[in-house]
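K.L.:
Just passing along the structure, written as structure tokens.
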Amino acid sequence: MLIGLIADVHSNVVALEAVISEMDALGVEKILHAGDIVGYNPYPNETIGLFKKRKIISIRGNHDRALVTGDTSGFNAYAAAALEWTGKVITYENFEFISKLKDIEAVWVENTKIVIVHGSPKDFDEYVYPEDVEPGFLTMTDSDKLVLGHTHIQFEKEFPEGIVVNPGSVGQPRDLNPDSAFAILDTDTMKIQLKRKKYDIEKVIEDMQKAYLPEKLRLRLRDGI
């Protein structure tokens, strides 16, 4: 069985559609998302609609939580402005969908326990970069596979205890590669493949401009920063 692993879609339905199309071609049967459905980009309702349609299992990230609480005090001005805009355009039903997400989720697939969390098991808002990963994350969650998000940096670390993976960001990569990032878990081999997919960045930038979202958020998509 192939499982798709994604994170940090950030209201970029154009990128999400491209990634799901690639997953469908590969034969992926289930998709797990490590938080931040909304924020930054101009398609919150369309993105949540696709999450619902494809039954994507997701936890909430810091942007999702801030949308629900209205507290953007820990965000830079650009991120806060995008969340304020999101709060104005999101439907009640989609707001409720975000508000019901958990901070951490465990999914069992063929005797494999996969835990999904946005930051780290110690702190849901902690930024975990490749050099910060430790096997204790796996023992802490009693998991075979631990899926993280938040940094928008794609990596995989294998330990005797299991694998920690950040599939990277679908909607706003930050590793100098603008292509959408995702990963595939093969439950037969228990191996993970890190993948990238091109999408129509210029369309997203154009639609962000129409929505008057900050220019900095628009232009960073081209450079993957």
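This table checks each residue for (1) open to solvent by 10 Å² or more (accessible area, probe 1.4 Å); (2) among the aromatic types (Phe, Trp, Tyr); (3) closer than 19 Å to Ile184 by Cα; (4) modelled with pLDDT of 95 or more.
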{"position": "Val14", "(1), (2), (3), (4)": "yes, no, no, yes"}
{"position": "Ala18", "(1), (2), (3), (4)": "yes, no, yes, yes"}
{"position": "Asp24", "(1), (2), (3), (4)": "yes, no, yes, yes"}
{"position": "Gly35", "(1), (2), (3), (4)": "no, no, yes, yes"}
{"position": "Ile48", "(1), (2), (3), (4)": "no, no, no, yes"}
{"position": "Lys52", "(1), (2), (3), (4)": "yes, no, no, yes"}
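K.L.:
Just one of the numbered conditions (1) touching a residue at least 40 places away in the same chain (Cβ under 8 Å); (2) out of contact with any strand residue (DSSP E or B) (no Cβ under 7 Å at 6 or more places or on another chain); (3) closer than 23 Å to Gln172 by Cβ is not true of Glu110; which one?
P.N.:
It is condition (3) that Glu110 fails.
K.L.:
Just to verify a result, which residue in region 61-74, among those that are in a loop (DSSP other than H, G, I, E, B) and open to solvent by 50 Å² or more (accessible area, probe 1.4 Å), is modelled with the lowest pLDDT?
P.N.:
Here the residue is Gly74.
K.L.:
Counting just the residues of region 129-155 that are hydroxyl-bearing (Ser, Thr, Tyr) and not in a helix (DSSP H, G or I), which one comes out farthest from Ala181 (Cα to Cα)?
P.N.:
Ser143
K.L.:
Which ones in region 1-42 are part of a helix (DSSP H, G or I) and of a type in the set (Ser, Thr, Tyr)?
P.N.:
Of everything in region 1-42, just one residue is part of a helix (DSSP H, G or I) and of a type in the set (Ser, Thr, Tyr), namely Ser21.
K.L.:
Inspect all residues belonging to region 78-93 and state whether any of them is closer than 30 Å to Thr189 by Cα, at pLDDT 95 or above and part of a loop (DSSP other than H, G, I, E, B).
P.N.:
no
K.L.:
Suppose we filter Glu96, Glu126, Glu158 for residues that are in contact (Cβ under 8 Å) with a residue 12 or more places away in the chain, acidic (Asp, Glu) and either outside any loop (DSSP other than H, G, I, E, B) or open to solvent by 20 Å² or more (accessible area, probe 1.4 Å) (or both); which single one remains?
P.N.:
Answer to the selection: Glu126.
K.L.:
Pick from Arg174, Arg220: which is touching a His at 6+ places or on another chain (Cβ under 8 Å) and open to solvent by 10 Å² or more (accessible area, probe 1.4 Å)?
P.N.:
None of the others qualify; the one that does is Arg174.
K.L.:
Residues that are of a type outside the set (A, V, I, L, M), within 23 Å of Ile201 (Cα to Cα), touching a Ser or Thr at 6+ places or on another chain (Cβ under 8 Å) and in a loop (DSSP other than H, G, I, E, B): does region 43-51 have at least one?
P.N.:
Checked against the condition, which is being of a type outside the set (A, V, I, L, M), within 23 Å of Ile201 (Cα to Cα), touching a Ser or Thr at 6+ places or on another chain (Cβ under 8 Å) and in a loop (DSSP other than H, G, I, E, B), region 43-51 yields at least one hit.
K.L.:
Check region 190-200 and report whether any residue there is among the hydroxyl-bearing types (Ser, Thr, Tyr), open to solvent by 10 Å² or more (accessible area, probe 1.4 Å) and either at pLDDT 95 or above or in contact with an Asp or Glu (Cβ under 6 Å, 6 or more places away or on another chain) (or both).
P.N.:
yes
K.L.:
Only one of Ala25, Ala15, Ala82 is within 16 Å of the chain's Cα centre (by Cα) and of a type in the set (Gly, Ala, Ser); which?
P.N.:
One residue alone meets the criteria, Ala15.
The values are calculated or read from the model by the stated rules, or taken from the named source; none is laboratory data. In this text, all values refer to a predicted model and were calculated from it rather than measured experimentally. Cβ: placed from backbone, ideal geometry, glycine included. Neighbour counts: every protein chain shown. Note: accessible area is taken over every heavy atom of the protein model, side chains too, but ligands, DNA and RNA are not part of it. Shrake-Rupley method; radii C 1.70, N 1.55, O 1.52, S 1.80 Å.
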